[in-house]
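Trainee: The structure follows.
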There are 2 protein chains.
Amino acid sequence: MDLLKGTLDVLILRTLSDSPSHGYAVARAIREQSAETLIVEEGALYPALRRLEKRGLLKASWGRTDTGREAKFYALTAPGKKQLKQAMSDWDRYVEAMGLVLRGPQA
Amino acid sequence: MDLLKGTLDVLILRTLSDSPSHGYAVARAIREQSAETLIVEEGALYPALRRLEKRGLLKASWGRTDTGREAKFYALTAPGKKQLKQAMSDWDRYVEAMGLVLRGPQA
DNA sequence: TTGTATACCTAAAATTCTTATGCATAAATC
DNA sequence: GATTTATGCATAAGAATTTTAGGTATACAA
């Protein structure tokens, strides 16, 4: 399914909140955890990671994967953790508001 | 709150599924029903209505409001009803997938 | 050796939104 | 009476984020 524009950041932040990881693995985790529903294209992934790093929400460093490959690892910073909390709250509020319109106050 | 890009269409279709209405009233209904959370700017509203009409999901016609003002009324077409059903289903699936990533399988 | 998976990146195009602006009428307020 | 607010339509410029498509390189499996 196509990503809704604006939802990728929180997916990345949440995925990295478990443990630092590299881009390719983040995309795979999102795909797998969403039961193949949320497909993160690489053309969206890498620019998003750089945006988040530029905003100070992630810290990048080169390292090696389990299989010994070079990869750029990203870790949540303190502001990143704070932003994740906020973004998850925003998402919940958005879902609730959509529900009010789509299903009415009772649902 | 800013709209997530891609969620406006289903909001419009759902609002018009109650009864035909005009653009300004659709935006107001979305704002009110979402408890002032989803604010539809006019610069997003009118182009969206035209897009949906162009896709054959809405049918437009000029008429008069209760207060006697000229306004362009939009009604759901048969394909529009079908698309609303699909779009609501897509939204539910998206929310579920986001939940899987953000909160895990148990939640 | 050919394909598949891993791992990074970028550019062009598409989409959809916000912001800003314009026009016009009616109702409410000062 | 004049001004503001609300109603109602519309468009253009800019911003943001995505898809699509391409490139590079290594490792492993068929």
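Trainee: What is the magnitude of the charge dipole of region A:8-103 about its Cα centre, with +1 placed on the Cβ of each Lys and Arg, -1 on the Cβ of each Asp and Glu, and no other charges, expressed in debye to the nearest 20?
Mentor: Numbers: 16 positive and 12 negative charges, 82 e Å.
Approximately 400 debye in magnitude.
Trainee: Next question. Amide H neighbours of A:Phe73 under 5 Å, counting only residues 5+ apart in sequence or on other chains, H built in-plane at 1.01 Å?
Mentor: The answer is A:Ser61, A:Trp62, A:Gly63.
Trainee: Using the Karplus equation 6.51 cos²θ - 1.76 cosθ + 1.60 (θ = phi - 60°), what ³J(HN,Hα) coupling, rounded to whole Hz, does each residue of region A:38-55 give in order, writing x for Gly and Pro?
Mentor: 9, 9, 9, 5, 5, x, 9, 4, 5, x, 5, 4, 5, 4, 5, 5, 4, 7
Trainee: Next up: Looking only at other chains, what is the average number of their beta-carbon atoms within 10 angstrom of each beta-carbon in A:88-101?
Mentor: 6
Trainee: Exposed loop GluC sites (Glu not before Pro) only (DSSP loop, at most 16 other Cβ atoms within 10 Å): please give the longest stretch of chain B free of them, not including the sites.
Mentor: Answer from the scan: B:42-107.
Trainee: Still on this structure, I have one more. Go through region B:92-99 residue by residue and turn each phi into a ³J(HN,Hα) via Karplus (6.51, -1.76, 1.60, θ = phi - 60°); whole Hz please, and just put x for glycine and proline.
Mentor: Coupling constants for region B:92-99: 4, 5, 5, 4, 5, 5, 4, x Hz.
Trainee: Then there is this: What is the average number of partner chain Cβ atoms found within 10 Å of a Cβ in B:30-36?
Mentor: Averaged over the peptide's residues, the number is 4.
Trainee: So what's the angle, to the nearest 10 degrees on a 0 to 90 scale, between helix B:23-33 and the longest Cα principal axis of chain B?
Mentor: On a 0 to 90 degree scale, this one is about 40.
Trainee: In chain B, carbon and sulfur make up what percent of the accessible area (probe 1.4 Å)? Spell out each step's value before the answer.
Mentor: Working: 3100 of 6180 Å².
The nonpolar share, carbon plus sulfur, comes to 50 percent.
Trainee: Ok, one more. What trypsin sites (Lys or Arg not before Pro) does region A:13-107 have in DSSP loop regions with at most 14 other beta carbons within 10 Å? Each step should come with its number before you reach the end.
Mentor: Numbers: sites: A:Arg14, A:Arg28, A:Arg31, A:Arg50, A:Arg51, A:Lys54, A:Arg55, A:Lys59, A:Arg64, A:Arg69, A:Lys72, A:Lys81, A:Lys82, A:Lys85, A:Arg93, A:Arg103; in loops: A:Arg55, A:Arg69.
Loop-located and lightly packed - A:Arg55, A:Arg69.
Trainee: Out of A:Ala60, A:Leu11, A:Val95, whose Cα points farthest toward the positive end of the dipole of region A:8-103 (charges: +1 Lys, Arg; -1 Asp, Glu; placed on Cβ)?
Mentor: Farthest towards the positive pole: A:Ala60.
Trainee: Quick one: in chain A, whose Cβ comes closest to the A/B rotation axis, and how close in angstrom?
Mentor: In chain A, the Cβ lying nearest the symmetry axis toward B is A:Lys5, 2.
Trainee: Still on this structure, I have one more. Which value results when the Cα radius of gyration for chain A is divided by 2.2 N^0.38 Å? Walk me through the numbers on the way to the answer.
Mentor: On the way: Rg = 15.3 Å, N = 107, 2.2 N^0.38 = 13.0 Å.
Dividing the Cα radius of gyration by 2.2 N^0.38 Å gives 1.18.
Trainee: Next up: For the pairs A:Lys54/B:Lys5; A:Lys5/A:Lys72; A:Lys5/B:Lys54; B:Lys5/B:Lys54; A:Lys5/A:Lys59, note any where the Cα-Cα span goes beyond 21 Å.
Mentor: On the way: A:Lys54/B:Lys5 23 Å; A:Lys5/A:Lys72 24 Å; A:Lys5/B:Lys54 23 Å; B:Lys5/B:Lys54 19 Å; A:Lys5/A:Lys59 23 Å.
Result: A:Lys54/B:Lys5; A:Lys5/A:Lys72; A:Lys5/B:Lys54; A:Lys5/A:Lys59 exceed 21 Å.
Trainee: Now, a different point. Would you mind listing the distances between the A:Arg69 label point and the same position in each other copy? Use 7 Å along Cα-to-C-beta, nm, one decimal, shortest first.
Mentor: Label-point separations across copies, in nm and ascending: 5.9.
Trainee: Roughly how much accessible area, to the nearest 100 Å², goes out of reach of solvent when B and A pair up, both sides summed, probe 1.4 Å?
Mentor: Working: alone 7690 and 7690 Å², together 12340 Å².
Between B and A, the summed buried area is about 3000 Å².
Trainee: Also, I was wondering about something else. Using the Cα centre as the reference, give the magnitude of the dipole from point charges on the C-beta atoms of the protein assembly as shown (Lys, Arg: +1; Asp, Glu: -1; all else neutral), rounded to the nearest 20 debye.
Mentor: 320
Trainee: Within a 10 angstrom radius of each residue's Cβ in A:7-18, how many Cβ atoms of other chains show up on average? Whole number is fine.
Mentor: That works out to 2 on average.
Trainee: Then there's this: Each residue of region B:7-21 in order: what ³J(HN,Hα) in whole Hz does its phi give by Karplus 6.51 cos²θ - 1.76 cosθ + 1.60, θ = phi - 60°, with x for Gly and Pro?
Mentor: For region B:7-21, the Karplus-derived couplings read 9, 5, 4, 5, 5, 5, 4, 5, 5, 6, 6, 6, 6, x, 7 Hz, x marking Gly and Pro.
The values are calculated or read from the model by the stated rules, or taken from the named source; none is laboratory data. All values derive from a computational prediction rather than experimental measurement. Note that each Cβ is placed from the backbone with ideal geometry, even for glycine, and that neighbours are counted across all protein chains shown. The area values use the complete protein model at the heavy-atom level, side chains included, leaving out ligands, DNA and RNA. Shrake-Rupley method; radii C 1.70, N 1.55, O 1.52, S 1.80 Å.
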